[in-house]
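Single-structure report; data block below.
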Amino acid sequence: PDKDADGEEQFMLYATHEKVLGLVQLPLDGNPNKCMGLIAHPGQISAISVDYAGKYAFTCGGSDLSVNQWLIDRDPVAAASLLGGQGVEPFVRLLEGGEQGEFFSDMKDYFYYSQIRSQDENTTKSRTLDGTIPVSELPYLMCGLGYFPTQLEIQNMKNEVKYSKYSDTGEYVDRICFEDLVKLYVNHRPVFAVGPQQIQQAFEAMQRHESKGPLPKGQLLDLLTKHGESMAVEEIEQCFQMLVGESFHNTLRDDEVDAGEFAQGILGLGDMQDSEEGDEEMGEDGEPFDSSAVPYDGASTMLDQ
């Protein structure tokens, strides 16, 4: 629950494997304004603990041979959460272009179309759009937004929606509104887009300990149909028809498949890598901007040693 028996806001203390100790306001919904972190140790944090009253935190380091005591101040985190906006507002700011951007406008269009699609887009009967869609539409919406989740990731998103209110009402949730879609996308989208380098790494993983180079076409087909989230041959053929307009065997005429050619010629990922290289941030002196060199200004007032 987000509040305790006395009606006060609930918080969770966390620590990463190295350096960072922080505080998060519950519930864990992905709102970036509800959390903070600071450097607690120069290296490993081997353990953390909280006193019975929830007023002090204790951290145990590693090679620094130190144990630190921290005063927990929850007010700055709660204030930052309020100042950051309510509802979906903090999540919209994390989208490219924000609320006025083209991407957010596309999200609204896709959501509206999903409402129609879920009620049979070809029917002549009148529809009643209630501002929600069934969770079964989630995979199509995510793909339309440029995020292509695996079957496991799809199931995780569906379960997150299904049990989102179960502890409060004892009922399952099978429909989502637009705000839920924005939160799901922001919380589940990958940090980095898939590019040719990731395809190359996947090909190398499929070759295991064999010499690096092109992958035999038969081995690629065998791996796609029998391992991991396996695909039926018909599904593979359908994907190739949509991607290049030809079948698997007509597209891959050679006996071996090169990772670079597969990424660029079939998946069309070459331009993506070029654009990422061209979009490298530049500093005031014209040199590439190194974000790791920016000093971290943690909210030290929230946890004072």
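On a C-alpha basis, how far is the centre of segment 65-141 from the centre of segment 216-255 in Å? Whole number, if you could?
After rounding, the separation between the Cα centres reads 35 Å.
Roughly what percent of Cα-Cα pairs across segment 63-192 reach past 23 Å? Don't skip to the end; give the middle numbers.
On the way: 3946 of 8385 pairs.
It works out to 47 percent of all Cα pairs.
What part of the accessible area of segment 1-92, given as a whole %, is carbon or sulfur when the probe is 1.4 angstrom?
Numbers: 2850 of 5130 Å².
Answer for segment 1-92 is 56 percent, counting heavy atoms of protein chains only.
Taking R0 as 35 Å, what's the FRET efficiency between M242 and E18 from their Cβ-Cβ distance, rounded to 0.05?
Numbers: r = 44 Å, r/R0 = 1.26.
After rounding, the FRET efficiency stands at 0.20.
Q69 versus Y166, label points 7 Å from Cα toward the beta carbon: distance in nm?
4.2 nm
Solvent-accessible area of E229, probe 1.4 Å, all protein chains present, reported in Å² to the nearest ten, please.
90 Å²
Multiply the residue gap between T225 and L145 by 0.36 nm, knock off their C-alpha separation, and tell me the result in nm, one decimal place. Could you put the intermediate results ahead of the total?
Numbers: separation 80, 0.36 × 80 = 28.80 nm, distance 2.66 nm.
So the extension gain works out to 26.1 nm.
Quick one: with all protein chains in place, what share of the accessible area of segment 141-275 is carbon or sulfur, to the nearest percent (1.4 Å probe)? Walk me through the intermediate numbers first.
On the way: 4280 of 8670 Å².
Accessible surface attributable to carbon and sulfur in segment 141-275 totals 49 percent.
Between D258 and E204, what is the spin-label point distance in nm, taking each point 7 Å from the Cα along the Cα→C-beta axis?
Calculated label separation equals 1.8 nm.
Once amide H atoms are placed 1.01 Å from N in the peptide plane, what residues at a sequence separation of 5 or more from L26, or on another chain, have their amide H within under 5 Å of its amide H?
Q10, F11, M12
Write down the accessible area per residue of segment 210-266 in Å², having rolled a 1.4 Å probe over the full set of protein chains. Walk me through the numbers before you get to the answer.
On the way: 3670 Å² over 57 residues.
That works out to 64 Å² for each residue.
Just the accessible area per residue of segment 93-138, please: how many Å² with a 1.4 Å probe?
On the way: 3110 Å² over 46 residues.
I get 68 Å² per residue for this part.
Can you work out ³J(HN,Hα) from phi for every residue in segment 218-233, in order, using Karplus 6.51 cos²θ - 1.76 cosθ + 1.60 and θ = phi - 60°, giving whole Hz and x for Gly and Pro?
Values per residue, Gly and Pro as x: x, 5, 4, 5, 5, 5, 5, 9, 10, 10, x, 7, 4, 10, 6, 4 Hz.
For segment 257-264, take each phi angle, set θ = phi - 60°, evaluate the Karplus expression 6.51 cos²θ - 1.76 cosθ + 1.60, and give the result in whole Hz per residue in order, putting x for glycine and proline.
For segment 257-264, the Karplus curve yields 10, 8, 4, x, 5, 5, 5, 8 Hz.
Which ³J(HN,Hα) values, rounded to whole Hz and listed in residue order, are derived for segment 82-94 from phi using the Karplus coefficients 6.51, -1.76 and 1.60 in 6.51 cos²θ - 1.76 cosθ + 1.60 with θ = phi - 60°, glycine and proline given as x?
5, 5, x, x, 10, x, 8, 3, x, 6, 4, 5, 7
Treat every Asp and Glu Cβ in segment 103-189 as -1 and every Lys and Arg Cβ as +1, leave all other atoms uncharged, and give the resulting dipole magnitude about the Cα centre to the nearest 20 debye. All intermediate terms of the calculation are to be shown ahead of the outcome.
Working: 10 positive and 13 negative charges, 12 e Å.
Taking the Cα centre of segment 103-189 as origin, the dipole is about 60 debye.
According to the Cα gyration tensor, what semi-axes, each the square root of 5 times an eigenvalue, does the equivalent ellipsoid of segment 1-77 have, listed from largest to smallest in whole Å?
Working: eigenvalues 113, 40, 17 Å².
After diagonalising the Cα gyration tensor, the semi-axes are 24, 14, 9 Å.
Mind putting a number on the dipole of segment 22-142 about its Cα centre? Charges go on the C-beta only, +1 for Lys and Arg and -1 for Asp and Glu, and I need it in Debye to the nearest 20. Walk me through the numbers before you get to the answer.
Numbers: 8 positive and 15 negative charges, 54 e Å.
With only Lys, Arg, Asp and Glu charged at Cβ, the dipole is about 260 debye.
Taking every DSSP beta bridge with both residues inside segment 1-73, roughly what % is antiparallel (nearest 5)?
Working: 22 of 22 bridges.
Of those bridges, close to 100 percent are antiparallel.
Subtracting the Cα-Cα distance from 0.36 nm times the residue separation, let me have the gained length for T124 to R175 in nm, one decimal. Could the numbers behind the result be given before it?
Values: separation 51, 0.36 × 51 = 18.36 nm, distance 2.37 nm.
Full-extension gain reported as 16.0 nm.
For segment 1-141, what log10 I(q)/I(0) values come out of the Debye formula at q = 0.09, 0.17 1/Å, with one point per alpha carbon and no solvent?
Taking Cα atoms of segment 1-141 as identical point scatterers yields -0.48, -0.99.
At Y52 and Q10, where each label point lies 7 Å from the Cα along Cα→Cβ, what is the point-to-point distance in nanometres?
Here the modelled spin labels are 2.1 nm apart.
What pairs in K162/K183; K158/K183; K108/K165 have C-alpha atoms more than 19 Å from each other?
Numbers: K162/K183 15 Å; K158/K183 13 Å; K108/K165 24 Å.
With Cα atoms farther than 19 Å apart: K108/K165.
The values are calculated or read from the model by the stated rules, or taken from the named source; none is laboratory data. Keep in mind that what you see is a predicted model, and the values were worked out from it rather than measured. Counting neighbours? That spans all protein chains shown, and the Cβs are built from the backbone with ideal geometry, glycine included. To get the accessible areas, we keep the full protein, side chains included, count just its heavy atoms, and leave off ligands, DNA and RNA. Shrake-Rupley method; radii C 1.70, N 1.55, O 1.52, S 1.80 Å.
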